[in-house]
1. Return the subset of 146/188; 110/165; 17/165 for which the Cα-Cα distance in this structure is over 21 Å, preserving the input order.
2. Just the number, please: Stokes-Einstein D of region 1-143 in µm²/s, Kirkwood Rh from C-alpha pairs, 37 °C, 0.692 mPa s.
3. Relative contact order for region 1-157: what is it in percent, counting Cα pairs under 8 Å that are at least 6 residues apart?
4. Three principal axis extents, largest first, for the C-alpha atoms of region 135-177, in Å?
5. For region 73-120, which GluC sites (Glu not before Pro) pass both filters: DSSP loop (anything but H, G, I, E, B) and at most 12 other C-beta atoms within 10 Å?
6. Give the accessible surface of region 1-73 per residue, rounded to a whole number of Å², with probe radius 1.4 Å and ligands, DNA and RNA excluded.
7. How large is ³J(HN,Hα), in whole Hz, for each residue of region 155-165 in order, when computed from phi with the Karplus curve 6.51 cos²θ - 1.76 cosθ + 1.60 and θ = phi - 60°, using x for Gly and Pro?
Amino acid sequence: MEVKQLTQRQLFTMKRKGLETKVKKFWDATRNADLVVEYIVAIILRNALVVSDFSLPCQEVVRELLFQGEPSDTLRKFCPFLKDYVEDHEWHSVIKRLFKNETAYFKATKTMRLYESYLKNKGKAINAKKYDSYTLISIFEDANGKKHTWRLRDGDSSNTPEETKRILRILTTMTIFRNTADVRRFAKFIDCDLKGTTTIFSTRTEKKQEQEKSAQNLTVETEKTSADSNDPIHLFEGFDLYSLTKGELVVLIEGILNEAKAAIGMEDVIDERTENSEELSSEKRTPHKPNIDARIVPEEGSDSASCSTKRMASQIPDLVTVGAALEENEKETSENKIGQKNNNGPTKEQRKLLRNFNQGKKKPR
């Protein structure tokens, strides 16, 4: 009688006693070491992901595999997961049986020994609330790149999200889980959530919360800038531009524009105040000088007549002073000229006039 292979549902949903019975029955009937090894590894992964106890499953079958099973690539690949089934001195015998030497063992199992260490690194996270059960929801891609969701009940909430992800990635090294089209189901790990009556952890939830928090902080900073443009704002601090959504980028650009407008307005006010202060200070420092052009009287009908008249009225004291000075200078100049002529004697014309006058007096009447 042909024994059917164990399915994914059986390996991850059956109780321990019935599951171990089926695995042993399949091993006794087929002696197929490759399939049985992956069955055992799947149960070990289940033990790391759920609360129920599935530690060291099918011990009798595993010992037969290690000491009597025909060596194969699959057995060599996953043998690090079976190390806890034997004593240390027995393990050296297993290595010599499956590999040429220990060097070949360490080289061939480098990746799987790393995965095996993930199973021992149990999480210590403590939840504030207790729930009767949790469901681990994970997303994978199959070998054709098609996404699908896998649910595992009785999830262990003491594992941190990072530990859970590392354990789930071990499924991508297994080949026994296939769909109806014989396509390998767990080719690539995408994401996972752990849910009870509420979500315990979720990579997608964390990303969404971070984006919402960033958008809220950005809105608050933008409102603060519009209320008080004197306070500087650093819009890019603490944000990753590549993670922002389209709406967040719009808010960011609006904030930058508002800040630029406020800065330009402040610069105009400062420039105007500076110019006014400079004009006032220059008027105080520079002494007043009379404007000679202001003394020119504009023609009637000119547009600037009234302005010129006002300027001349304000400058009358200065003009009087200047006119008096000019008259005084002209008077002194004329006196100097007369004095100089007197000192030099009468001119030729004066002598001629005097001679004619004297001759006229001598003529008889």
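The values are calculated or read from the model by the stated rules, or taken from the named source; none is laboratory data. The structure presented is a predicted model; accordingly, all values stated were derived computationally and were not measured. FYI the Cβ positions are ideal-geometry reconstructions off the backbone, even for glycines, and counts take in every protein chain you see. With ligands, DNA and RNA removed, areas are computed over all heavy atoms of the protein, side chains included. Shrake-Rupley method; radii C 1.70, N 1.55, O 1.52, S 1.80 Å.
1. Details: 146/188 10 Å; 110/165 19 Å; 17/165 28 Å.
From the list (146/188; 110/165; 17/165), the Cα-Cα distance tops 21 Å for 17/165.
2. The Stokes-Einstein estimate is 196 µm²/s.
3. Computed value for region 1-157: 20 percent relative contact order.
4. 33, 17, 17
5. Counting only loop positions with at most 12 other Cβ atoms within 10 Å, the GluC sites (Glu not before Pro) in region 73-120 are 87.
6. 55
7. With coefficients 6.51, -1.76 and 1.60, one gets x, 8, 7, 6, 6, 6, x, 5, 5, 5, 5 Hz.
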